[in-house]
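To keep things clear, I will list the structure first and then write my remarks on it.
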Amino acid sequence: MTRVAGRTAFITGGGSGVALGQAKIFAQAGCKVAIADIRQDHLDEAMAWFDQTDFQVMPVKLDITDRAAYAAAADAVEARLGPVELLFNTAGVSIFGPLEKATYEDWDWQLSVNLNGVINGIQTFVPRMIARGNGGHIVNTASMSAFVALKGTGIYCTTKMAIRGLSECLALDLAEHGIGVSMLCPGAVNTNIHEAVLTRPEHLRNTGYYGADPAMFAHLKKVIEVGMEPETLARYVLDGVEQDQLYILPYPEFRGTLEDIHMRVMMALARPEDDPDYEKRVAHGVPGGERRRADA
Ligand code: NAI
């Protein structure tokens, strides 16, 4: 999408952190912006900032796991700001610890927000974008965890690797409709994600890890407070949307790790000369060959 000015953006998690940075930068670039968040205090703080500006910004209280509420929020935003042509699936939560200690509720909470919340955004807005025929762009915020498995990040990593598959397939499916897809993969960002458990719903409260523990919050904050500032990150996203980049990967410190991962995968992958059935499968258009053609 070469021109974002004048378009309407719907940004989940927009009251804080990465998403708030996106809201500021895209508003500065001339977008009308809806910020959707489950935390009213985050929306209020964000609006206190936007109210000092001339930007057209609409706050929406929304739990992205609630499909009916999501559709109602989309209707309300489009009635006030016009058709949404930029969707930012940014809201996400995290809780860390070894997989063997996880409860079903730990799984369900993170999957419901980090994966189902993104699916709900796509299900809500993609049919509207296609029907209007004006194109658009979707930015899914994953993480470097979409590529890199780290000890103790199992549930979070599962959700973010899923976002990678979803984003790559969505880009292939939506290209013919003029809708671009980007996957943003941050490393550390200086946000409020250390407080994520505060948004955990009551029915998923049972955890094998930790609750709203100030010592844990302080520990987690130390890890991310040296991270990139959200507005700096959002400028990479603006470039990525304008240049229709599938991968937005602004963290050079991961180069060595990613080279290592891809090298190990290539070392494990069989070679044609070792498989007598290879030629037969390729001649019949196996999925590997199909993907190569789609990329060509
Ligand atoms: P944050 O906690 O500052 O912002 C997330 C916002 O999402 C909060 O305002 C929160 O209230 C909202 N939210 C949580 N659950 C929600 C729900 N069910 N419905 C609607 N809103 C909800 O955290 P941050 O860091 O800005 O996180 C944004 C995204 O960035 C997440 O997807 C996260 O996984 C990703 N990310 C963050 C990194 C970091 O170091 N902070 C690193 C890599 C990825």
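What follows draws every value from the coordinates through simple rules; no lab data is involved. A quick note: this is a predicted structure, and the numbers were derived from the prediction, not measured. With ideal geometry, Cβ positions are generated from the backbone for all residues, glycine too; neighbour counts draw on all protein chains shown.
What full-extension length gain, to one decimal in nm, is calculated for Lys280 and Val265 as 0.36 nm per residue of separation minus the Cα-Cα distance? Don't skip to the end; give the middle numbers.
On the way: separation 15, 0.36 × 15 = 5.40 nm, distance 2.35 nm.
Taking Lys280 through Val265 to full extension adds about 3.1 nm, to one decimal.
Please give the FRET efficiency for Leu198 paired with Ala69, using the beta carbon to beta carbon distance and R0 = 30 Å, rounded to the nearest 0.05. Show your work: numbers first, answer last.
Working: r = 19 Å, r/R0 = 0.64.
The computed FRET efficiency comes out at 0.95.
Beyond 24 Å, what share of the Cα-Cα pairs of the chain is found? Please give it as a whole percent. Write down the numbers at each step before the final one.
Values: 23224 of 43660 pairs.
Result: 53 percent of Cα pairs exceed 24 Å.
Computed FRET efficiency, Cβ-Cβ of Tyr210 and Cys169, R0 25 Å: what is it to the nearest 0.05? So the FRET efficiency works out to roughly 0.15. Put a dot 7 Å past the Cα of Asp244, heading toward its Cβ, do the same for His177, and the two dots end up 1.6 nm apart. Here, the range 80-157 has an Rg and a Dmax of 15.6, 48 Å when only alpha carbons are counted.
As a quick test, which of the pairs Lys32/Lys151; Lys61/Lys101; Lys151/Lys221; Lys24/Lys221; Lys32/Lys160 have an alpha carbon distance above 30 angstrom in this structure?
Working: Lys32/Lys151 40 Å; Lys61/Lys101 33 Å; Lys151/Lys221 19 Å; Lys24/Lys221 23 Å; Lys32/Lys160 28 Å.
Checking Cα-Cα distances, Lys32/Lys151; Lys61/Lys101 exceed 30 Å.
Stretching the chain fully between Thr53 and Ala5 yields a gain of 15.6 nm (0.36 nm per residue, less the alpha carbon separation).
For Glu225 and Gln28, the FRET efficiency from 1/(1 + (r/R0)^6), where r spans their Cβ atoms and R0 equals 22 Å, is about 0.35.
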